[in-house]
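The values are calculated or read from the model by the stated rules, or taken from the named source; none is laboratory data. Quick caveat: nothing in here was measured; it's all calculated off a predicted structure. As a convention, Cβ positions derive from the backbone with ideal geometry for all residues, glycine included, and neighbour counts pool all protein chains shown. Please note that ligands, DNA and RNA were not included when accessible areas were found on the heavy atoms of the full protein model with its side chains. Shrake-Rupley method; radii C 1.70, N 1.55, O 1.52, S 1.80 Å.
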Amino acid sequence: MPIRYKIAEHVVGIIEALQEAGYETYLVGGAVRDLLLGLQPKDYDISTAATPEQIKHLFGRRKVMIIGK
């Protein structure tokens, strides 16, 4: 089974939405390691070229929590 199908559905949705909006976006961190080892990640880290304001605009203010601003 390809790794993509082991990623939580909501995470794939976030990555796809950002990419479709034109932002370079990647799954990074320990989740990548866990997936390569055949483990289910406990959490997911996403890296994107979108700014926090662009993410708020794309997903709506109620769904976005900016950490470390």
Whole-number accessible area per residue in Å² for segment 25-66, which is evaluated in the context of all protein chains at 1.4 Å: 76
Accessible-area composition of the chain, carbon plus sulfur, in percent [1.4 Å probe]: 55
Translational diffusion of the chain, µm² s⁻¹ [Kirkwood Rh, Cα pairs; Stokes-Einstein; 10 °C; 1.306 mPa s]: 123
Accessible area, probe 1.4 Å, largest first, for residues Leu27, Leu39: Leu39, Leu27
Spin-label pair Val12/Leu37, simplified geometry with 7 Å Cα→Cβ offset, distance in nm: 2.3
HN-Hα J in Hz across segment 44-53 - Karplus 6.51, -1.76, 1.60, θ = phi - 60°, x for Gly and Pro: 10, 10, 10, 10, 9, 7, 5, 7, x, 5
Simple Cβ-charge dipole of the chain, Lys/Arg +1 and Asp/Glu -1, about Cα centre, in debye nearest 20: 240
